[in-house]
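Engineer: Submitted below is the structure of interest, expressed as structure tokens.
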Amino acid sequence: MKDKRFIRTSALIGESALEKLNNSSVIVFGVGGVGSYVIEALARAGIGKITIVDFDRIDISNINRQIIALSSTVGELKAEVAKRRVHDINPNCSVTAICKFVTSENIVEFDLQNYDAAADAVDNVTAKLSIAKKCYSTGTKLISSMGTGNKTDPTKFKICDIFETNVCPLAKIIRHEIKKNGIPSLKVVFSEEQPTIRSRPPASISFVPAAAGLLMASEIINNMILGK
């Protein structure tokens, strides 16, 4: 893939690995503080096909943590803004924006077996479980984000199986639910940091959800390069 946008990436991982990324397809559920950075990193690494799923519109309160949230984009559909941004990064990337809220009913509409990887960055338990069940049934590689709110230390994030998590209240719920549904494992990004405060909705700062999103993208990309 002779594109000067990725000349430094090619120098690091090699042309054949870069071509592999260009031929790969990833679906990202959720374009919030975590998901927007997953998409950003995937696009800048040269992933050739990205599907973006999010029903919501950008609110001014999103500006503190979502890379797509700007004064100029407030009120716009997140998936459409993210699609436009990816095209601005890499016009050759094939991007599909799906403006839907994932449910246990409409998850059947997503042909997940056609993707090399999936990233779950939604914050709804029912949606997370629906994505996990669908990916397990289709054999799609999935990485899921656990809670990032009410935290200040991005160095506390780690990637592991859901059954190795601790501290995170969301991970505890998901562990219980996927075990009940017969799913033996789920790769996740979670934080070992005890919440700094207790806030509803969760409080946040710019660099914490971003760190989780970048870790998710790195896991997807490195696995593709290594052929895992």
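Engineer: Which of Phe110, Phe29, Phe163 moves most in a GNM of the chain, Cα contacts under 10 Å?
Structural biologist: Ranking Phe110, Phe29, Phe163 by mean-square fluctuation puts Phe110 first.
Engineer: OK, next. Segment 1-138: Rg/Rh from Cα coordinates, Kirkwood Rh? If you can, show how the numbers build up before the last one.
Structural biologist: Numbers: Rg = 15.2 Å, Rh = 15.4 Å.
Dividing the radius of gyration by the Kirkwood radius yields 0.99.
Engineer: Among the aspartates and glutamates, select those whose C-alpha is under 18 Å from the C-alpha of Lys156, and discard any that sit fewer than 8 residues away in the same chain.
Structural biologist: The reachable aspartates and glutamates, counting only those whose Cα sits under 18 Å from Lys156, are Glu164, Glu192, Glu193, Glu219.
Engineer: What are the aspartates and glutamates whose alpha-carbon lies under 16 Å from the alpha-carbon of Lys100, with same-chain residues fewer than 8 places away excluded?
Structural biologist: Asp54, Asp56, Glu76, Glu80, Glu109, Asp111, Asp120, Asp123
Engineer: What residues have an amide H closer than 5 Å to that of Ser204, excluding those fewer than 5 places away on the same chain, when H is modeled at 1.01 Å from N in the peptide plane?
Structural biologist: Distant-sequence amide H within range of Ser204: Asn150.
Engineer: Under a Cβ-Cβ cut-off of 15 Å, what is the net charge of the residues other than Lys4 that fall near it, where Lys and Arg count +1 and Asp and Glu count -1?
Structural biologist: Taking every other residue near Lys4 into account, the sum is +2.
Engineer: Let me ask another. Rank Leu12, Leu77, Leu186 by mean-square fluctuation in a GNM of the chain with C-alpha springs under 10 angstrom and give only the top-ranked residue.
Structural biologist: Leu12
Engineer: Would you mind ranking Val108, Val95 so that the residue whose beta carbon has the fewest other beta carbons within 10 Å leads the list?
Structural biologist: On the way: Val108 11, Val95 21.
Exposure proxy ranking, most exposed first: Val108, Val95.
Engineer: Here is a follow-up. Asn222 to Leu12: extension gain in nm, 0.36 nm per residue of separation minus the Cα-Cα distance?
Structural biologist: Numbers: separation 210, 0.36 × 210 = 75.60 nm, distance 1.21 nm.
Computed gain between Asn222 and Leu12 is 74.4 nm.
Engineer: While we're on this one: In the Gaussian network model of the chain, springs joining C-alpha atoms below 10 Å, which of Thr138, Thr148, Thr51 carries the largest mean-square fluctuation?
Structural biologist: Evaluated over the chain, the most mobile residue of the options is Thr138.
Engineer: Now for a different question. May I ask for the net charge around Val189, where only other residues with Cβ less than 9 Å from the Cβ of Val189 are counted and Lys, Arg are +1 while Asp, Glu are -1? Write out the running numbers ahead of the final one.
Structural biologist: On the way: positive: Lys158, Lys187; negative: Glu219.
Local net charge: +1.
Engineer: Could you tell me which of the pairs Lys128/Lys187; Lys133/Lys180; Lys2/Lys83; Lys134/Lys180 are separated by over 21 angstrom between their Cα atoms in the structure shown? Spell out each step's value before the answer.
Structural biologist: On the way: Lys128/Lys187 12 Å; Lys133/Lys180 11 Å; Lys2/Lys83 23 Å; Lys134/Lys180 15 Å.
Listed pairs above 21 Å: Lys2/Lys83.
Engineer: So if R0 is 35 Å, what FRET efficiency would Ser71 and Thr96 give, r being the distance between their Cβ atoms, rounded to the nearest 0.05?
Structural biologist: Numbers: r = 27 Å, r/R0 = 0.77.
The calculated FRET efficiency here is 0.85.
Engineer: Also, quick follow-up: Could you work out how far apart the two model spin labels at Asp59 and Glu164 are, taking each label as a point 7 Å from the Cα in the direction of the beta carbon, and quote it in nm?
Structural biologist: Reported label-point gap for Asp59 and Glu164 is 3.5 nm.
Engineer: Now, a different point. With θ set to phi - 60° and the Karplus curve 6.51 cos²θ - 1.76 cosθ + 1.60, what are the ³J(HN,Hα) couplings of segment 64-74 in order, to the nearest whole Hz, using x for Gly and Pro?
Structural biologist: 6, 8, 10, 5, 7, 8, 9, 4, 7, 10, 4
Just so you know, all these numbers are worked out from the coordinates, no wet-lab data involved. These numbers were taken from a predicted model, which means no experiment stands behind them. Heads up, the Cβs are rebuilt from the backbone with ideal geometry, glycines too, and the neighbour counts pull from every protein chain shown.
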